[in-house]
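See below for the structure under consideration.
The values are calculated or read from the model by the stated rules, or taken from the named source; none is laboratory data. Everything numeric here is computed off the predicted structure, so don't read it as measured data. All Cβ positions, even for glycine, are placed from backbone atoms using ideal geometry, and neighbour counts span all protein chains on display.
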Amino acid sequence: MGSVIRPVCKCNSNFSSLYAGCGFSDWDEVCNVPTPCFHCQTIFTRNLYNKVLKCPKCRRVVHPYGEVVDFNNDMEEVFSWSFQFNKKYQLLRKKFTCPVCKEEKLSFIKEAMWD
């Protein structure tokens, strides 16, 4: 089951809610994670299983927020997704760099679950 998360920044940029993770039918092929494009000044999701992540608009290579960590990591998180035997993607409850204002004032709010 995935999570609906929303990026929020002190610069008041209007980011859309994001569907992170995946649904019931594709859990072993998809792990959508929040990803910024600093060139297009937007945030979208990209499938972490893809070898190269690109912005859907400008097609530049992008890097997702969050990181892949050991499964037993007990950090406070907004969203996580187990996708390997002992690894998981983790989006921590912390500040990230905003693609609009370029300051480390962006955070994520968990709004709902989806499937």
Between Glu111, Glu103, Glu29, which is charged (D, E, K, R), closer than 22 Å to Met1 by Cβ and in a loop (DSSP other than H, G, I, E, B)? Glu29
For the stretch 3-16, does any single residue satisfy the condition of being free of Cβ contacts under 8 Å to residues at least 24 places away in the same chain, in a loop (DSSP other than H, G, I, E, B), touching a strand residue (DSSP E or B) at 6+ places or on another chain (Cβ under 7 Å) and surrounded by 13 or more Cβ atoms within 10 Å (Cβ to Cβ)? no
For the stretch 66-75, does any single residue satisfy the condition of being free of Cβ contacts under 8 Å to residues at least 24 places away in the same chain and in contact with a Leu (Cβ under 6 Å, 6 or more places away or on another chain)? yes
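If a residue has to be part of a loop (DSSP other than H, G, I, E, B) and either over 24 Å from Glu111 (Cβ atoms) or modelled with pLDDT under 85 (or both) to count, how many in the stretch 66-84 make the cut?
Going residue by residue through the stretch 66-84, those that are part of a loop (DSSP other than H, G, I, E, B) are 66, 71-76, 83-84.
From what is left, the residues that are either over 24 Å from Glu111 (Cβ atoms) or modelled with pLDDT under 85 (or both) are 71-76, 83-84.
Total meeting the criteria: 8.
Has the stretch 56-65 got any residue that is assigned to a strand (DSSP E or B) and surrounded by 14 or more Cβ atoms within 10 Å (Cβ to Cβ)? Walk me through how you get there before you give the answer.
We begin by selecting, within the stretch 56-65, every residue assigned to a strand (DSSP E or B); these are 61.
Of the ones still in play, those that are also surrounded by 14 or more Cβ atoms within 10 Å (Cβ to Cβ) are none.
No; the residues of the stretch 56-65 include none that is assigned to a strand (DSSP E or B) and surrounded by 14 or more Cβ atoms within 10 Å (Cβ to Cβ).
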Checking the structure you have, find out if any residue of the stretch 85-95 is of a type in the set (A, V, I, L, M) and part of a loop (DSSP other than H, G, I, E, B). no
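Restricting the stretch 32-55 to residues that are in contact (Cβ under 8 Å) with a residue 40 or more places away in the chain and outside any strand (DSSP E or B), which is surrounded by the fewest Cβ atoms within 10 Å (Cβ to Cβ)?
That would be Gln41.
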Would a scan of the stretch 89-111 turn up a residue that is under 26 Å from Ser25 (Cα atoms), of a type in the set (Lys, Arg) and surrounded by fewer than 15 Cβ atoms within 10 Å (Cβ to Cβ)? no
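Can you report the number of residues in the stretch 70-97 which are farther than 19 Å from Cys22 by Cβ and out of contact with any Phe, Trp or Tyr (no Cβ under 7 Å at 6 or more places or on another chain)? Even if it seems obvious, please write down each step before you answer.
Let us first name the residues in the stretch 70-97 that are farther than 19 Å from Cys22 by Cβ, namely 70, 72-76, 86, 92-97.
Checking the rest, the ones that are also out of contact with any Phe, Trp or Tyr (no Cβ under 7 Å at 6 or more places or on another chain) come to 70, 72-76, 92-95, 97.
Matching residues across the stretch 70-97 total 11.
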